[in-house]
Amino acid sequence: MSWINDDTSAYNTFEFKHKNIFILFLVLFIIISFKLFYLQVVKGNYYRNIAEHQRLNSTKEAATRGLVYDCRGELLIGNQINYVAVFYPFEQTEIPSAQALEKINKILGKDITPLIEQSLKTKRIVKIAEGLDINRVFEIKEQKLFVPGINVIKAPKRKYFYSVENCHILGYVGEITSEELDDMKDSGLRRGDYIGKTGIEQFYDKYLRGTDGGLQLEVNARGQYNKTFKYYAPEIGDTVYLTIDTALQKVAYEALQNTPTSRGAAVVIDVKTGAVRALVSCPGYDLNDVFTKKYIKYLKNKNLPLFNRAIQAQYPPGSIFKIITAVAALDYLKFDPSTVEFCSGSFELGNRFYSCWLKSGHYKVNFFSAMANSCNIYFYKLGLALGVTVLEKYARMFYLGEKTNIDLPSEKKGFIPTPEWKKLKMKMSWLKGDTTILAIGQGALGVTPLQMATMMSAVANKGVFYEPYIVENIINPNTNEIVYEHVPNAREKISVSTDTWNILHKSLVSVVNNGTGKKMKFKQIQVAAKTGTAENHQGKDHAWTVAYAPADNPEVAIAVIVENGGFGGSVSGPVAREILRKYFNLEPDEPEPVKEPEAETETEHKHETENEIEKENEVENENGQTEENTIGIEQ
């Protein structure tokens, strides 16, 4: 019958729809199950952390920065208690009464209403005052009943000792800037954090900073405080031990202060390791005045007390560069130190004359007497025999023109002029006149006092150059574990013959015994040294002295410069003498007098500008004397 067929057809249609609906729900169930599995199992930790962060709010307690000591255990950087008033928005949900705010404002001496409004709006803790004395701390705490959100906390503040003498080594801290925050994205730092800005504070900031602590607070969906969840104690930063001897640092600083200009720098290096025992730039400034009203006077001071002359100032080395000229002549030319030259007080090259600092001349001099008395004429001729290429080569062998890699920020690398540089910069060819003044450390040559100390250290070590360093080791104060320890780093040895070093050593001893370095002569020890008077086209000459002692078994090397000090032997020499006397605990005795120059400069062209010098060099060029090495040493 037809109705039976109709029932069968309707049943099949119903069954087909039922199966499709079942499959649809099954697919949806599987998809939902997989989604739940993905959310709860695969991404469970991720969303759990998000939920925890939404449920928990943190308040930071700044860590105390680590302490810094000198090599004798003298505390150089410590911390002092700084009372800071803060407002916690989770302890108070509305603006305090006008009467309560008036009392707080009177105590603090300013209107804190905008800060509290900002805190309640953003649900963030705000600092409303710092540097509170103990009386105001108690007065604020008395108002706690009326303003529950206000609190006083202890925040560490840096305290610097012997800060003027050590200011350029230690550095200071300050609040991180937006630019610094962008550069240090992976450091975990946040706005309001304090970091090292200069010196050791900056270079070793990651050790000194410590680990911040604080409270984890449980909040509701609106961010309102429910209860304290967990407390993390801050961990103090690591303890840093320097190579610096503060007593030596003070003597060096005071000696520089007592010079005619009170401006300059001194560096003392342990020749056996590269450890810096003193690094002084004068004048200095009090680190405890930074970010106070007193700091303005330093910014306005024309003597630039914030400038670290020891590693940033680039001076012409003057006659102390004759050490490198001497090494080049002895090693490259195999020069006979007994060779005698006649110094009449001036030297003619082309159409101009180059003078010796002793206008009357040194008469007959050999290598040793030329070094002892710093005879320019002798070294002009050595420089011409060597040529600029060889002089540059030996200067770079002593690592001039590059950084020493000392562990302090902002070190300058100095400069060695070359024919290529002059062609590019001045659009002129290099002439023999340029080589002449380069041989005695003048012209565009620039070095730092630190570089000159390392140069003298390498001479004392007969070619072994240790990179200078300030930090000896760093210790975790909680575990007493050494987290950093410096290992002396010797660069590639300066490869010259033993005879060269021995002859150079003998000549440097003669500087102190018989020459311009007599003011560094002691009865107890022998000193090897070289003095220099570096021409300065912007003012009076700079006074240089470099030395190492004891001469027979060197322990320390020294470089001293007095800006616009004049003659090195009589101005910077006594500074070096005081440093050595302190280092070796020598009894004071009267130094021998030193003959000063008959004129202010070591060469006669102090009054000339660079353009005038170039014009005279062009005359020399026209006379057909442009080839290097055409003038040899007169026998």
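Figures for the structure shown
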read-out: Filter result (open to solvent by less than 50 Å² (accessible area, probe 1.4 Å), part of a loop (DSSP other than H, G, I, E, B) and either at pLDDT below 95 or among the charged types (D, E, K, R) (or both)) within the range 284-339; value: ASP286, VAL290
read-out: Residue match in the range 438-458 (condition: out of contact with any Pro (no Cβ under 9 Å at 6 or more places or on another chain) and open to solvent by 10 Å² or more (accessible area, probe 1.4 Å)); value: no
read-out: All positions within the range 394-431 that are surrounded by 14 or more Cβ atoms within 10 Å (Cβ to Cβ) and charged (D, E, K, R); value: LYS403, ASP407, GLU411, LYS412, LYS413, LYS422
read-out: First in the range 254-272 and farther than 27 Å from GLU467 by Cα and touching a residue at least 40 places away in the same chain (Cβ under 8 Å), second anywhere and open to solvent by 20 Å² or more (accessible area, probe 1.4 Å) and not in a helix (DSSP H, G or I), Cβ under 7 Å, 6 or more apart; value: THR261/GLU563; THR261/ASN564; SER262/PRO283
read-out: Top-ranked residue of the range 358-372 - restricted to ones that are at pLDDT below 95 and open to solvent by 10 Å² or more (accessible area, probe 1.4 Å), ranked as nearest to LYS462 (Cα to Cα); value: HIS362
read-out: Check on THR273, closer than 27 Å to PRO156 by Cα, surrounded by fewer than 23 Cβ atoms within 10 Å (Cβ to Cβ) and modelled with pLDDT of 95 or more; value: no
read-out: Tally, over the range 158-214, of residues that are without any contact (Cβ under 8 Å) to a residue 60 or more places away in the chain, assigned to a helix (DSSP H, G or I) and surrounded by 16 or more Cβ atoms within 10 Å (Cβ to Cβ); value: 1
read-out: Residue in the range 506-526 that is closer than 30 Å to ASP238 by Cβ, open to solvent by 20 Å² or more (accessible area, probe 1.4 Å), at pLDDT 95 or above and not in a strand (DSSP E or B) present; value: no
read-out: Evaluation of ASN366 against (1) free of Cβ contacts under 8 Å to residues at least 40 places away in the same chain; (2) of a type in the set (S, T, N, Q); (3) touching a helix residue (DSSP H, G or I) at 6+ places or on another chain (Cβ under 8 Å) (one fails), failing number; value: (3)
read-out: Residue in the range 413-428 that is of a type in the set (Val, Ile, Thr) and more than 34 Å from the chain's Cα centre (by Cα) present; value: no
read-out: Residue in the range 318-334 that is among the polar types (S, T, N, Q) and in contact with a Leu (Cβ under 7 Å, 6 or more places away or on another chain) present; value: yes
read-out: Filtered residues of the range 494-505 (kept if assigned to a loop (DSSP other than H, G, I, E, B), polar (S, T, N, Q) and open to solvent by less than 60 Å² (accessible area, probe 1.4 Å)); value: SER497
read-out: Test set (1) more than 26 Å from ILE406 (Cα to Cα); (2) surrounded by fewer than 22 Cβ atoms within 10 Å (Cβ to Cβ) - ARG491 fails condition number; value: (1)
read-out: Residue within the range 394-415 that is over 30 Å from LEU170 (Cβ atoms) and in contact with a Pro (Cβ under 9 Å, 6 or more places away or on another chain) present; value: no
read-out: Odd one out for THR531 among (1) modelled with pLDDT under 95; (2) in a strand (DSSP E or B); value: (1)
read-out: Selected residue (only one of ILE475, ILE470 is at pLDDT 95 or above, open to solvent by 30 Å² or more (accessible area, probe 1.4 Å) and under 22 Å from the mean Cα position of the chain (by Cα)); value: ILE475
read-out: So ALA385, is it open to solvent by 10 Å² or more (accessible area, probe 1.4 Å) and either in contact (Cβ under 8 Å) with a residue 40 or more places away in the chain or among the polar types (S, T, N, Q) (or both); value: yes
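Here's the yes/no breakdown for (1) part of a helix (DSSP H, G or I); (2) touching a strand residue (DSSP E or B) at 6+ places or on another chain (Cβ under 6 Å); (3) open to solvent by less than 30 Å² (accessible area, probe 1.4 Å); (4) modelled with pLDDT under 95:
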| residue | (1), (2), (3), (4) |
| --- | --- |
| ALA557 | no, yes, yes, no |
| GLY566 | no, yes, yes, yes |
| VAL575 | yes, yes, yes, no |
| GLU602 | no, yes, yes, yes |
| ASN611 | yes, no, no, yes |
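The values are calculated or read from the model by the stated rules, or taken from the named source; none is laboratory data. None of these values were measured; they are calculated from a predicted model. When we count neighbours, we look across all protein chains shown, and the Cβ atoms used for this are built from the backbone with ideal geometry, even at glycine. Just the protein is used for accessible areas: all its heavy atoms, side chains included, with ligands, DNA and RNA removed. Shrake-Rupley method; radii C 1.70, N 1.55, O 1.52, S 1.80 Å.
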